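Q: One structure is given below, represented as structure tokens, and several questions about it will come after.
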2 protein chains.
Amino acid sequence: MPDACDGCSNDLCLRNVPLFSSLQRDAVHALTSEMEHHRYKKGEIIVREGEKASAFTVIREGSAKAYRITPDGREQILYIFPVNDYFGARFLFTEERVPYTVEALEPTTVCTLSKTNFENLLAEHSQVAIEIIEAMANRMSRLENAMQSMGGRNADMRIASLLLEFKESYGHYNGNFLEITLPLSREGLANYLGIARETLSRKLTQFEEDGIILAVGNRVIRILDLAKLTDLSYLVD
Amino acid sequence: MPDACDGCSNDLCLRNVPLFSSLQRDAVHALTSEMEHHRYKKGEIIVREGEKASAFTVIREGSAKAYRITPDGREQILYIFPVNDYFGARFLFTEERVPYTVEALEPTTVCTLSKTNFENLLAEHSQVAIEIIEAMANRMSRLENAMQSMGGRNADMRIASLLLEFKESYGHYNGNFLEITLPLSREGLANYLGIARETLSRKLTQFEEDGIILAVGNRVIRILDLAKLTDLSYLVD
DNA sequence: CTTGGTTTGTGATTTCAATCACAGAATAAA
DNA sequence: TTTATTCTGTGATTGAAATCACAAACCAAG
């Protein structure tokens, strides 16, 4: 059982969470006092698929992956939740059971809000409800894009799309170089894309040969030719 | 330009739409008077990808498909909207542009509500907002399932899953036979699944040989062995 | 009922990705 | 720094689905 996170409890730790940006300072403070705080090590399970959904969860530090185990034993990753992202709004509304397992990708702290507190929050702050709808809408856009790209027949396109997607959340400049610090191992990336790890490796090697990217160790990819990558994401041919 | 639908305008035509089931009779009546009504022939475009999103749309009769054209020229179908379903709630919130083209699959009538009227509706009837969140949540579940199944490596599983999904909306009994009247041609089904039409044909033939289904003409599939179909949807091997 | 355009099934072939197997690289720990 | 373990790249092979090509079946309109 993970430790409680006390470094957070008397601080306005939710200040930076976009979802709550519309709230007044004291409302955030009140909210914080209602939340529980937990700390997880890398690889620990935050919620497990099939459990009763009980809380709305905000990622305060670290990041997590949400996945299901497919019938043939593969791990299909559905979402990556970066810092300040959250999950659980949706299945508090409609489902009893959590639809996927959420696992910490690194040392991670989360704040959780019980179902009733969450419902009160929505009732009292309609702006938060609207922001949740917007966030759900964005997530749906992502799923639709993912679906389109997974329907796509070739792996290059899917990989290029993924790199561009990760660039948004995990891209940064190292000197003049645009680099992505990947949140997942090659195996994880492959599971996210629904392809074999070996295929991913081969394709990335090919991207390197084509001068599009450069792998810097296992977790960093430097983008050398963004235009070409964008082309690939549209059409490989 | 499609004709206006006048058979609907002074009737409580939205009575049967689940989304509005929480509204009082007179609220529905008021709503109806604010809606525009349009009629489309099979194949006509209701909204086109990239247009400015301007209205919330309810399918009153008929059905429609929502799709994007992928860079390699394929049509990737994202949703099928059956009678009484609706679309547009989501992109009124967040996006200026419609993320997919919606096309009538058969003679179809729709009712549309302008952005401002829709916003007023939500403001006055918070229950509708909650039902929209729930509907979005359900659609996300479907997308997540679709994503899992598209990540799945074999086509049999995807096809079996699709048949079971369609059974919910399009299944009916013909005598003792459970039958699905397909909303799409084989080509459409293949585009929905992201596989080649020929592959779909071959697999369906194989399903017939295995005594799982029986194709009755081009648009009806009779399910002979639901248990086997369910097995397939989990794992082919 | 006939007719003509459209949709569908199926054989032959090709292509792309999965799988198996293993060595080399990277990373974390002592 | 060294060592142990996990992660990654790559060759060989297999396998599943895409593609090409065309005939048969379907269905809607006279």
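The values are calculated or read from the model by the stated rules, or taken from the named source; none is laboratory data. Not measured: the values here are computed from a predicted model. In this analysis, Cβ positions are derived from the backbone assuming ideal geometry, glycine residues included, and neighbour counts consider all displayed protein chains.
Q: Which of (1) facing another protein chain (nearest Cβ under 9 Å); (2) exposed (fewer than 15 other Cβ atoms within 10 Å of the Cβ); (3) farther than 19 Å from A:VAL17 by Cβ does A:GLY194 not meet, given it meets every other one?
A: (2)
Q: For region A:5-109, list the strands (runs of 3 or more DSSP E) that sit wholly inside it and hold at least 3 residues that are out of contact with any Pro (no Cβ under 7 Å at 6 or more places or on another chain); which are they?
A: A:45-47, A:55-61, A:64-69, A:75-81, A:101-104
Q: Any idea which of (1) within 13 Å of DNA strand D (Cβ to nearest atom); (2) within 29 Å of A:GLU144 (Cα to Cα); (3) in contact with a strand residue (DSSP E or B) (Cβ under 8 Å, 6 or more places away or on another chain) is the one B:GLU208 doesn't satisfy?
A: Among (1) within 13 Å of DNA strand D (Cβ to nearest atom); (2) within 29 Å of A:GLU144 (Cα to Cα); (3) in contact with a strand residue (DSSP E or B) (Cβ under 8 Å, 6 or more places away or on another chain), B:GLU208 violates only (2).
Q: Another question about this same structure. Need the failing condition index for B:ALA215 against (1) within 12 Å of DNA strand D (Cβ to nearest atom); (2) assigned to a helix (DSSP H, G or I); (3) of a type in the set (Gly, Ala, Ser), just the number.
A: Against the list (1) within 12 Å of DNA strand D (Cβ to nearest atom); (2) assigned to a helix (DSSP H, G or I); (3) of a type in the set (Gly, Ala, Ser), B:ALA215 comes up short only on (2).
Each row is one residue, and each column tells you yes or no for (1) within 13 Å of DNA strand C (Cβ to nearest atom); (2) in a helix (DSSP H, G or I); (3) within 25 Å of A:GLY62 (Cβ to Cβ); (4) of a type outside the set (Val, Ile, Thr).
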| site | (1), (2), (3), (4) |
| --- | --- |
| A:SER169 | no, yes, yes, yes |
| A:TYR173 | no, no, yes, yes |
| A:ILE180 | no, no, yes, no |
| A:GLY188 | no, yes, yes, yes |
| A:ASN191 | yes, yes, yes, yes |
| A:LEU204 | yes, yes, no, yes |
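Q: Continuing with this model, one more query. Say whether the condition of being more than 21 Å from the chain's Cα centre (by Cα) and more than 21 Å from B:THR205 (Cβ to Cβ) is met by at least one residue in region B:154-165.
A: Checked against the condition, which is being more than 21 Å from the chain's Cα centre (by Cα) and more than 21 Å from B:THR205 (Cβ to Cβ), region B:154-165 yields no hits at all.
Q: Checking the conditions here, which among B:ALA155, B:ALA196, B:ALA190, B:ALA160 is within 25 Å of B:PHE87 (Cα to Cα) and of a type in the set (A, V, I, L, M)?
A: B:ALA190
Q: Suppose we filter region B:133-167 for residues that are more than 16 Å from DNA strand C (Cβ to nearest atom) and surrounded by fewer than 17 Cβ atoms within 10 Å (Cβ to Cβ); how many remain?
A: Within region B:133-167, residues that are more than 16 Å from DNA strand C (Cβ to nearest atom) and surrounded by fewer than 17 Cβ atoms within 10 Å (Cβ to Cβ) number 5.
Q: Restricting to region B:83-125, name every residue that is more than 10 Å from every other protein chain (Cβ to nearest Cβ) and of a type in the set (Phe, Trp, Tyr).
A: Answer for region B:83-125, where residues must be more than 10 Å from every other protein chain (Cβ to nearest Cβ) and of a type in the set (Phe, Trp, Tyr): B:TYR86, B:PHE87, B:PHE118.
Q: Kindly indicate whether A:GLY73 is assigned by TED's automatic domain parsing to the domain that holds A:SER22, within 19 Å of the chain's Cα centre (by Cα) and not hydrophobic (A, V, I, L, M, F, W, C). Before the answer, list the steps.
A: Details: assigned by TED's automatic domain parsing to the domain that holds A:SER22: yes; within 19 Å of the chain's Cα centre (by Cα): no; not hydrophobic (A, V, I, L, M, F, W, C): yes.
When the stated conditions are applied, A:GLY73 does not pass them.
Q: How many residues does region A:101-148 contain that are touching a residue at least 60 places away in the same chain (Cβ under 8 Å) and farther than 29 Å from B:GLU119 by Cβ?
A: Qualifying residue count, region A:101-148: 11.
Q: Checking the conditions here, which among A:MET136, A:MET150 is more than 26 Å from A:ARG74 (Cβ to Cβ), within 14 Å of another protein chain (Cβ to nearest Cβ) and not hydroxyl-bearing (Ser, Thr, Tyr)?
A: None of the other options fit; the residue is A:MET136.
Q: More than 11 Å from chain B (Cβ to nearest Cβ) and over 22 Å from A:ARG25 (Cα atoms): which single residue out of A:LEU162, A:LEU143 fits that description?
A: After applying the criteria, what remains is A:LEU162.
Q: Based on this model, can you work out whether A:LEU200 counts as outside any strand (DSSP E or B), more than 10 Å from DNA strand C (Cβ to nearest atom), closer than 22 Å to B:MET150 by Cβ and not small (Gly, Ala, Ser)?
A: Taking the combined requirement at face value, the residue does not satisfy it.
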